[in-house]
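The values are calculated or read from the model by the stated rules, or taken from the named source; none is laboratory data. Here the structure is a predicted model, which means the values were calculated and not measured. Reconstructed Cβ throughout: ideal geometry from the backbone, glycine too, with neighbour counts over all protein chains shown.
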Amino acid sequence: MLYALEARHAPVVSLWVWYHVGGRNEVPGTTGMSHFLEHMLFKGTPKHPKGDLDRLLARYGAQWNAFTSEDVTCYFETVPKARFETALELESDRMRNALISVEETEAERTVIVSEREGYENDPSFLLGEELQAIAFSRHTYGQGVIGSKDEIKLMTRDGLYSHYRRFYAPNNAYVVVTGDDEPERLIEQAAASFGTLEPSHDLGEPPKAPEPEQHGERRVTVHRAGGTLPIVMLAFRAPRATDSRAAAISALAVALAGTSTGSDGASGRSSRLHRALVETGLAADVDASFQLMKDPFLFLTDATLRPGVKHADVERVLVDELSKLSTDLVAEDEFARVRRQLLASTAFNTDTITWRAYRCGQLLSTGAATSIGDWYAKLAAVTREEIREAAAGLFVERSRSVGWFVPEGDAS
């Protein structure tokens, strides 16, 4: 699929290639393969040896990077308009011609193990990984993205190459372009680069592992030595991005914890969880999040506790605040503030050419909306009643998973 959006902010173009492969496409024994492969796509092709991509893009003052999630693996370049053809050539070349050698695989394995160990120093990552694992008994979302250290160490070059040849192809990708030109022209140029590439004949069916209904609360406690603060996380089953409730659930997250770009600043000082937990001295930080995903995922809330505060006390406040949203309509003035923050953050996050292209790709690849304008309209149409209905459907004890991070030596 090719999608283009005109953006005349500056004489630049942002190219994003979204492959429909991520953690959800892996089976036990291969977890982390999509993320590992992302690293290997920077090792060169016969036409552009290792380092050539970085050298060319740096010469032109470009921005470029990549990421892997449960649903997708994505690569992007934002380049001067005059160098758009270079970006297209680099991305179309490595779509089917990447060099994945045994030597580079072994070298990169050390890098990825080190990355994994770095994440393990973050209590939020450790707890989030364990909580996600218990929340999904069947679906591959329970495996996360980076994979276990043991499976990273067992990854083979041949396995990575097979994964690459199967999933990296024009018939398994969205190409999204935003920039200083007419959309028709941008699509024409992209089609010329990607349209002649060999498709994959081995995509098979998308992963099908429906998560069974949860019939009771699940709990996990993670212990770790160190001077870190305790954490409480709650996870609730949430619908996929295509669900009609997705916009209302996005508003629900803002009501609970604000936004990082809203008028109240990064702390979300006007949000419910901030008032109930931070202002009362129970927590140092709070958050709530709902991600747009291809399959049903999770609505997450978490709080980092102040020293001496008990996990049970913070968990109780979290549950109480969620219960209020399930039973009572949000007041008119609070709803106006939440709506303003929600729409402003959507606008701010698409203000640059690069992030406009990212947002387009995210909405299209998950099916959440057909365009940024379509998603904005869905958010603008959310009502107080829909927020309450969304909360009542989500915040049910039988579909709740609870995680505590307890620093060793903390008996709370």
When you check Thr383 against the structure, is it within 30 Å of Arg218 (Cα to Cα) and of a type in the set (Val, Ile, Thr), yes or no?
no
Out of the range 180-197, which residues are at pLDDT 95 or above, closer than 22 Å to Thr73 by Cβ and of a type outside the set (A, V, I, L, M)?
Ser193, Phe194
Counted residues in the range 326-337 being outside any loop (DSSP other than H, G, I, E, B) and over 28 Å from the mean Cα position of the chain (by Cα) come to 3
I'd like to know if the range 231-243 contains one or more residues that are surrounded by fewer than 14 Cβ atoms within 10 Å (Cβ to Cβ) and either within 25 Å of the chain's Cα centre (by Cα) or farther than 23 Å from Phe395 by Cα (or both).
no
On the given criteria, is Ile372 buried (at least 18 other Cβ atoms within 10 Å of the Cβ) and in contact with a His (Cβ under 7 Å, 6 or more places away or on another chain)?
no
Take the range 371-392 and flag every residue that is touching a helix residue (DSSP H, G or I) at 6+ places or on another chain (Cβ under 6 Å) and either in the same structural domain as Ala66 (by TED's automatic domain parsing) or under 22 Å from Pro296 (Cβ atoms) (or both).
Trp375, Lys378, Leu379, Val382, Glu386, Ile387, Ala390, Ala391, Ala392
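Yes/no matrix, rows are residues, columns are (1) in a loop (DSSP other than H, G, I, E, B); (2) assigned by TED's automatic domain parsing to the domain that holds Gln132:
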| site | (1), (2) |
| --- | --- |
| Ile187 | no, yes |
| Pro207 | yes, no |
| Glu211 | yes, no |
| His223 | no, no |
| Arg275 | no, no |
All-but-one check, Ser323 against (1) more than 19 Å from the chain's Cα centre (by Cα); (2) buried (at least 19 other Cβ atoms within 10 Å of the Cβ), failing number (2)
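Condition first: buried (at least 21 other Cβ atoms within 10 Å of the Cβ), assigned by TED's automatic domain parsing to the domain that holds Arg316 and within 25 Å of the chain's Cα centre (by Cα). Can you find one or more residues in the range 172-181 that meet it? Before you say what the answer is, go through the steps one by one.
Here is the first cut: in the range 172-181, the ones buried (at least 21 other Cβ atoms within 10 Å of the Cβ) are 173, 175-179.
Then drop every residue that is not assigned by TED's automatic domain parsing to the domain that holds Arg316, which leaves none.
No, there is no match, as no residue in the range 172-181 is buried (at least 21 other Cβ atoms within 10 Å of the Cβ), assigned by TED's automatic domain parsing to the domain that holds Arg316 and within 25 Å of the chain's Cα centre (by Cα).
Return the total of residues in the range 352-370 being free of Cβ contacts under 8 Å to residues at least 24 places away in the same chain and either assigned by TED's automatic domain parsing to the domain that holds Arg8 or not in a helix (DSSP H, G or I) (or both).
We begin by selecting, within the range 352-370, every residue free of Cβ contacts under 8 Å to residues at least 24 places away in the same chain; these are 355, 359, 369-370.
With the extra rule that they be either assigned by TED's automatic domain parsing to the domain that holds Arg8 or not in a helix (DSSP H, G or I) (or both), the set shrinks to 369-370.
The qualifying residues number 2.
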Looking for something charged (D, E, K, R), within 19 Å of the chain's Cα centre (by Cα) and surrounded by fewer than 16 Cβ atoms within 10 Å (Cβ to Cβ) - is there at least one such residue anywhere in the range 139-151?
no
Among the residues of the range 119-136, is there at least one that is at pLDDT below 95 and over 20 Å from the mean Cα position of the chain (by Cα)?
yes
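Report the residue count in the range 65-81 for those that are of a type in the set (A, V, I, L, M, F, W, C), more than 18 Å from Leu5 (Cβ to Cβ) and buried (at least 22 other Cβ atoms within 10 Å of the Cβ). Spell out the reasoning first.
Pass one, the range 65-81, residues of a type in the set (A, V, I, L, M, F, W, C): 66-67, 72, 74, 76, 79.
Filter once more, keeping what is more than 18 Å from Leu5 (Cβ to Cβ): 66-67, 72.
Remaining after also requiring buried (at least 22 other Cβ atoms within 10 Å of the Cβ): 72.
Residues flagged as of a type in the set (A, V, I, L, M, F, W, C), more than 18 Å from Leu5 (Cβ to Cβ) and buried (at least 22 other Cβ atoms within 10 Å of the Cβ) within the range 65-81 amount to 1.
Can you tell which of Glu188, Glu211 is surrounded by fewer than 19 Cβ atoms within 10 Å (Cβ to Cβ), charged (D, E, K, R) and within 17 Å of Gly22 (Cβ to Cβ)?
Glu211 is the lone residue from the list that is surrounded by fewer than 19 Cβ atoms within 10 Å (Cβ to Cβ), charged (D, E, K, R) and within 17 Å of Gly22 (Cβ to Cβ).
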Can you run down the residue pairs with Cβ atoms below 7 Å, 6 or more apart or on separate chains, where the first is in the range 280-300 and over 24 Å from Thr370 (Cβ atoms) and the partner is at pLDDT 95 or above and part of a loop (DSSP other than H, G, I, E, B)?
Gly281/Arg306; Leu282/Arg306; Leu282/Val309; Ala283/Arg306; Ala284/Arg306
Would you confirm whether or not the range 296-303 contains a residue that is more than 18 Å from Gly128 (Cα to Cα) and not hydroxyl-bearing (Ser, Thr, Tyr)?
no
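State all residues of the range 111-133 that are of a type in the set (Gly, Ala, Ser) and surrounded by 12 or more Cβ atoms within 10 Å (Cβ to Cβ); if no residue qualifies, say none.
Taking the range 111-133 and keeping what is of a type in the set (Gly, Ala, Ser), we get 114, 118, 124, 128, 133.
Ser124, Gly128, Ala133 - these are the residues of the range 111-133 that are of a type in the set (Gly, Ala, Ser) and surrounded by 12 or more Cβ atoms within 10 Å (Cβ to Cβ).
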Please state which of the following conditions Phe67 fails to meet, knowing it meets all the rest: (1) in contact with a Cys (Cβ under 7 Å, 6 or more places away or on another chain); (2) touching a residue at least 40 places away in the same chain (Cβ under 8 Å).
(2)
Among the residues of the range 225-242, which ones are farther than 22 Å from Val175 by Cα, touching a helix residue (DSSP H, G or I) at 6+ places or on another chain (Cβ under 7 Å) and part of a loop (DSSP other than H, G, I, E, B)?
Thr228, Pro230, Pro239
